[in-house]
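> One structure, as structure tokens, below. Some questions next.
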Amino acid sequence: MGIRTSSAFCCSPEQHSINLSTSADISAMQVLDDEPLIHSLEDNPSMSLRSERMTITFRPFSNIIHLNKQDTQVWPCILELIPPMSLERQNIDIVYVVELSSLLTPVWLNSIKKCVWYSLTQLNKFDRVSIVVFTDNAVKLCPLTTVCKQNQSKIYNTFRNLEGSGGSNLAEGISMGLNVLSHRRMCNSIAGLILFTRSQQNGDYMKELLHNHGISTNFFVHAFGLGDHNAESISSLCTETEGNYYNIPHPLSLFPAFGSCLGELLSLYAECIKINIELIRSTIPISLEKVYLSQSYAISGKPLEICSILSVLPCSQVSLPCFHLKLLKAVVKYKIIATGEEVKEETIFEVPIFSHDSEYKLAEIFGDTILCMFRFRFADLLYEILFEEFNKAVELLREFAENVSALEDIGWVGQMKEELANYENLLRLGWNQALRSRVICSMQGFMNKSLFYVSDFQTAVQIEQQKACKEISEVMRNSIRNNNM
């Protein structure tokens, strides 16, 4: 996601109008109608943000490397970027793109509307919100409007009484949402398009759609796939913009997922993260096999982990029985969202080496590094099985389950094992759309620690937002129960 200065102009040629047939006959013209940003040196919290930098450290597999004459050793090493904690945040432009097809029952729509209303109560006058809805066509119900107290009801009322009817043209909805972002006269530092849809449309055109709208900086697309939907199509939007894809099988599952999504948007710290890890020329036979990097942005309160997998090859002879080796060099570049400061830092990882002939010294193994490696490998495995015939996929899952069987079932590890068992059982029945949706969501969620139902992956802000959304969910559940009595 890129920085946009508030004085930047994001204008493009005039657009045609798009009509939408709903329970109310609504039409709108695309114009440069976003409300001006509110600026005040006294009131704007972003003006007081300090340019604190991330802490960058290496977390190795063990405190030493003990060479072996015969066996190759797999030796993971984690580069950890820890953003500073901050109670302040940058300002946001959010475009909600909501499907209003006949597939969206009143229960689904009520859940979506409650999420949007809740977000309006959490934003402030420095933020802006727009609402786009789509069926066979799409329309902008509300331009980017500042979320001051007097505007909360104004924004919400634009779609609070609408009902689902007609088809579902996802391309029209996304195109209109992107138009809102590309036609801004002034832009907040963070931009997000939040999609709610049950679309079954094929997603081959999504990448082209994103690139053709000429938005001058990057932005996030966070997508909530509701019920039965085309997971590949919807998740591809998120992949292109490094947003999150949420598989929501039931309306009441939407609230905790939305709380996690909103909490992440409210906690963004750095963007444009570029990391280069290289193996320093070594006096022992060692190779850098793979590097896992999940995302190019950082969230306050959530360490960003990059996993390097090294292979220490058999070694029959070294010049010294014990010596220190500069093993890895990392160059980290990123931009702090609050200030626009571009940062470049370098760090070297050095480790003691003991030859096979030296006096034996017991290595201290760091369990967190092993767990992190398995988290990335699980995400990698889920990606691989998406392209396999189901019998082969079951076999791969079973092999991985055996590899992680000795890990203690705590936190996200227990969740990983549970999902492994579930996928193995479900795949015996063959692939189906719902299963593919679950696998894609888990794959992305374990890679970037975005799974909303895994508390280990949530920051304090995300947990706080989830708690508030859960209360909304309980109220709605009781309401549904009372109506059915």
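Coordinate-derived values only; no laboratory data. No experiment lies behind these values; they were computed from the predicted model shown. Please note: Cβ atoms are built from the backbone with ideal geometry, for glycine as well, and neighbour counts cover all protein chains shown.
> By how many nm would the segment from Ala401 to Tyr453 lengthen if fully extended, with 0.36 nm per residue of separation less the alpha-carbon distance?
Answer, rounded to one decimal: 16.6 nm.
> Provide the percentage of antiparallel DSSP beta bridges, counting only those with both residues in the stretch 90-266; round to the nearest 5.
The answer is about 20 percent antiparallel.
> R0 = 56 Å: FRET efficiency of Ile280 with Cys148, Cβ-based, nearest 0.05?
That gives a FRET efficiency of 0.55.
> Could you please report the charge total around Ile385, scoring K, R as +1 and D, E as -1 over all other residues with beta-carbon less than 15 angstrom from its beta-carbon?
-3
> Using the structure shown, select from Lys140/Lys335; Lys290/Lys329; Lys274/Lys329; Lys302/Lys467; Lys125/Lys207; Lys207/Lys333 the pairs with a Cα to Cα distance greater than 21 angstrom.
In this structure, Lys140/Lys335; Lys125/Lys207; Lys207/Lys333 exceed 21 Å between Cα atoms.
> Grab the Cα-Cα distance for Glu289 and Asp368, subtract it from 0.36 nm times how many residues apart they are, and report the gain in nm with one decimal.
The span from Glu289 to Asp368 would gain 26.4 nm if fully extended.
> Expected output is a single nm value to one decimal: the length gained when fully extending between Ile64 and Thr347, i.e. 0.36 nm times separation in residues minus the C-alpha distance. What is it?
Additional length available on full extension: 100.0 nm.
> For the chain, what relative contact order do you get, as a whole percent, if you take Cα pairs closer than 8 Å and at least 6 residues apart?
Computed over the chain, the figure is 19 percent.
> Please check which bits of the stretch 240-268 a label hung off Ser296 would reach, taking the label as a point 7 Å along Cα-to-C-beta and the cut-off as backbone N under 17 Å.
240-244
> Take every Cα-Cα distance within the chain, group them into 10 Å bins from 0 onward, and report for each bin the whole-number percent of pairs it holds.
4, 18, 27, 24, 15, 7, 3, 1, 0
> Right, next: Using only alpha carbon pairs under 8 Å that are at least six residues apart, calculate the relative contact order of the stretch 90-266 and give it in whole percent.
24
> DSSP H helices in the chain with Cα extent of 15 Å or more along the helix axis and mean Kyte-Doolittle hydropathy at least 0.0?
106-122, 170-182, 231-241, 254-265, 367-385, 433-448
> Also, I was wondering about something else. Between Asp71 and Gln122, what's the calculated FRET efficiency when r is the beta-carbon distance and R0 is 51 Å? Round to 0.05.
Once the sixth-power term is evaluated, E becomes 0.40.
> Take every DSSP beta bridge whose two residues both sit in the chain, then give the antiparallel share in percent to the nearest 5.
Among the beta bridges of the chain, antiparallel pairing accounts for roughly 70 percent.
> Still on this structure, please answer the following. If you wrap a convex hull around the C-alpha atoms of the stretch 90-266 and split its volume per residue, what is the figure in Å³?
Normalising the Cα hull of the stretch 90-266 by residue number yields 96 Å³.
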